[in-house]
1. Considering only DSSP states other than H, G, I, E and B, which chymotrypsin sites (Phe, Trp or Tyr not before Pro) in segment A:1-86 qualify as loop sites with at most 15 other Cβ atoms within 10 Å?
2. Treat the protein assembly as shown as a sphere of radius equal to its Kirkwood radius over Cα pairs and apply Stokes-Einstein at 4 °C in a medium of 1.567 mPa s; give the translational diffusion coefficient in µm²/s, rounded to a whole number.
3. Averaged over peptide A:104-111, how many Cβ atoms belonging to another chain are found within 10 Å of each residue's Cβ?
4. Loop only by DSSP, 15 or fewer other Cβ within 10 Å of the Cβ. Give me the trypsin sites (Lys or Arg not before Pro) in segment B:1-37 that pass, ordered by residue number.
5. Mind jotting down a quarter of the surface of the convex hull over the alpha carbons of chain A, in square nanometres, one decimal?
6. Please tell me the relative contact order of chain A in percent, rounded to the nearest whole number, where contacts are Cα pairs under 8 Å and at least six residues apart.
7. Quick one: net charge around B:Q102, please, counting Lys, Arg +1 and Asp, Glu -1 for every other residue with C-beta under 13 Å from its C-beta.
8. Tell me the trypsin sites (Lys or Arg not before Pro) within segment A:42-94 that lie in a loop according to DSSP and have at most 13 other beta-carbon atoms within 10 Å.
Amino acid sequence: GDSVTQTEGLVTLTKGLPVMLNCTYQTTYSPFLFWYVQHLNEAPKLLLKSSTDNKRTEHQGFYATLHKSSSSFHLQKSSVQLSDSALYFCALSPLTSGGNYKPTFGKGTSLVVHP
Amino acid sequence: EAAVTQSPRNKVTVTGGNVTLSCRQTNSHNYMYWYRQDTGHGLRLIHYSYGAGNLQIGDVPDGYKATRTTQEDFFLLLELASPSQTSLYFCASSVAGASYEQYFGPGTRLTVL
């Protein structure tokens with residue numbers, strides 16, 4: 001079946017430093033990849049998404065590039081802020097031949113930014 | 001902005017109790033989902049639905065039933081609650097199609113004593 005792997009459970013950084021959160025996936029179908037962000041005591045919400053190979057997508061200072069050759073969709077930011085402290089989920093939606101699909105989420109990476 | 005509401009927001013029950021979690025979306029989305037969130041496990045899909053009357057099994061369905069009564073309403077039923085079902089439950093909805101993002105409700109915190 002499909003799977004999403006986020007290798008870091010916790011990332012701790014000082015404000016102003018760059019960050020990369022890893023996401024790799026497995027599917028036999030054409031993939032749509034998503035990053036969701038969940039702040040404390042809030043619901044997850046979309047940060048960015050992509051289905052285009054080797055094209056960078058950006059939102060709110062975060063960016064990611066889908067690389068189908070390596071099945072990766074890593075999330076990056078050049079300079080983290082205190083407000084970026086949150087839980088980040090990578091998610092996969094495979095485009096199946098039947099048109100229906102079952103989404104799969106990674107286990108999430110908690111990002112903690114210190115002053 | 002998509003609107004997904006859940007009720008109750010908090011629920012405490014005892015082992016063996018009967019619990020129904022409700023979810024309503026008002027955006028005419030076809031897909032609706034139930035997830036549970038536990039530390040170290042992320043978001044795990046329990047059940048989902050393509051439309052009224054449709055039900056699909058997710059990744060962790062044991063101990064849960066679900067019913068989609070209308071386009072708007074999706075219910076999660078725990079008929080014999082167990083402490084292992086203590087969790088934060090999220091409902092979500094999306095437009096049909098793999099390329100569309102999910103909109104999440106505020107969550108229901110369930111405690112089974």
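The values are calculated or read from the model by the stated rules, or taken from the named source; none is laboratory data. Owing to the predicted nature of the structure, the values given are computational and were not obtained by experimental measurement. We place every Cβ from the backbone using ideal geometry, glycine too, and count neighbours over all the protein chains shown. For accessibility, only protein heavy atoms count, side chains too; no ligands or nucleic acids. Shrake-Rupley method; radii C 1.70, N 1.55, O 1.52, S 1.80 Å.
1. Working: sites: A:Y25, A:Y29, A:F32, A:F34, A:W35, A:Y36, A:F62, A:Y63, A:F73; in loops: A:Y29, A:F73.
Of the chymotrypsin sites (Phe, Trp or Tyr not before Pro), the ones in loops of segment A:1-86 whose Cβ has at most 15 other Cβ atoms within 10 Å are A:Y29.
2. Working: Rh = 18.1 Å.
Estimated diffusion coefficient is 72 µm²/s.
3. Details: counts 6, 9, 2, 7, 6, 1, 1, 0.
Other-chain Cβ atoms within 10 Å of each residue's Cβ, averaged: 4.
4. On the way: sites: B:R9, B:K11, B:R24, B:R36; in loops: B:R9.
For trypsin sites (Lys or Arg not before Pro) across segment B:1-37 that sit outside H, G, I, E and B with at most 15 neighbouring Cβ atoms in 10 Å, the list reads B:R9.
5. Details: hull surface 28.2 nm².
Mean orientational projected area (chain A, Cα hull): 7.1 nm².
6. On the way: 293 pairs, mean separation 42.4, N = 115.
Answer for chain A is 37 percent.
7. Numbers: positive: A:K45, A:K49, A:K102; negative: B:E101.
Net charge in that neighbourhood comes out at +2.
8. On the way: sites: A:K45, A:K49, A:K55, A:R56, A:K68, A:K77; in loops: A:K55, A:K68.
Those satisfying the criteria are A:K55.
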